[in-house]
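Chemist: Structure incoming, see below.
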Amino acid sequence: QVQLVESGGGLVQAGGSLRLSCVVSGSIYSINDMGWYRQAPGQRRELVATITRGGSIVNAISVKGRFTISRDNAKNTVDLEMNNLKPEDTAVYYCNADVLRFFGSGQNRYWGQGTQVTVSS
């Protein structure tokens, strides 16, 4: 099995900062892409940022210049540094990872349980 556990969510005032962390554990041979998504009430889940194993990054336009994604391949972690937070950033944030469980196996995408981020105005 593969587990993803997020931490670091909470309540912050507009203009503040939070850092989200996600640890991947379990039966892992390799991890390809990792990322963060978010889902606000009544909205579809949307991409925040993704990062490849080699460090190539894709950011949503809405978070460019404010959020930074990073990963540690040795520790199987992916972080999201969020600065200058806005009320519209309020959502449940989910991390994901594309995991190969064995040499030669295909990859499967796994998700964390989500962590709430609330930004007050």
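The values are calculated or read from the model by the stated rules, or taken from the named source; none is laboratory data. The structure presented is a predicted model; accordingly, all values stated were derived computationally and were not measured. Glycine also receives a Cβ, built like all others from the backbone with ideal geometry; neighbour counts cover every protein chain displayed. What goes into the accessible areas is simple: the full protein's heavy atoms, side chains included, and nothing from ligands, DNA or RNA. Shrake-Rupley method; radii C 1.70, N 1.55, O 1.52, S 1.80 Å.
Chemist: Can you give the Rg and Dmax of the range 1-81 based on its C-alpha atoms, in angstrom?
Modeler: When restricted to the Cα atoms of the range 1-81, Rg and Dmax are 13.3, 40 Å.
Chemist: Show ASP98, ASP72 ordered by accessible area, largest first, where the area counts protein heavy atoms only and the probe is 1.4 Å.
Modeler: On the way: ASP98 10, ASP72 55 Å².
Final ranking, largest accessible area leading: ASP72, ASP98.
Chemist: Scaled to the compact-protein estimate 2.2 N^0.38 Å, what is the alpha-carbon radius of gyration of the range 18-62, rounded to two decimal places? It would help to have the intermediate numbers written out before the result.
Modeler: On the way: Rg = 12.6 Å, N = 45, 2.2 N^0.38 = 9.3 Å.
The range 18-62 yields a ratio of 1.35.
Chemist: Ranked by accessible surface with a 1.4 Å probe, highest first, in what order do GLU88, GLU81, GLU46, GLU6 come?
Modeler: GLU88, GLU46, GLU81, GLU6
Chemist: I've got another one for you. Could you look at the chain and say what percent of its accessible area is carbon and sulfur, using a 1.4 Å probe and all protein chains?
Modeler: Carbon-and-sulfur percentage of accessible area, whole number: 49.
Chemist: Would you work out the charge dipole size for the chain about its Cα centre, treating the Cβ of every Lys and Arg as +1 and the Cβ of every Asp and Glu as -1, and quote it to the nearest 20 debye? Intermediate results must be reported in sequence, preceding the final value.
Modeler: Working: 12 positive and 9 negative charges, 23 e Å.
Dipole of the chain, to the nearest 20 debye: 120 debye.
Chemist: On a C-alpha basis, how far is the centre of the range 66-121 from the centre of the range 27-57 in Å? Whole number, if you could?
Modeler: 5 Å
Chemist: Of THR68, THR77, which has the most accessible area with a 1.4 Å probe, and how do the rest follow in descending order?
Modeler: Putting THR68, THR77 in descending order of accessible area: THR68, THR77.
Chemist: For the chain, set up a Gaussian network in which alpha carbons nearer than 10 Å are linked by springs, and say which option among SER27, SER17, SER105 fluctuates the most.
Modeler: Among SER27, SER17, SER105, the largest mean-square fluctuation in the Gaussian network model of the chain belongs to SER105.
Chemist: Something else now. Between TYR94, TYR110, TYR29, which gets the highest mean-square fluctuation from a Gaussian network model of the chain, Cα cutoff 10 Å?
Modeler: TYR29
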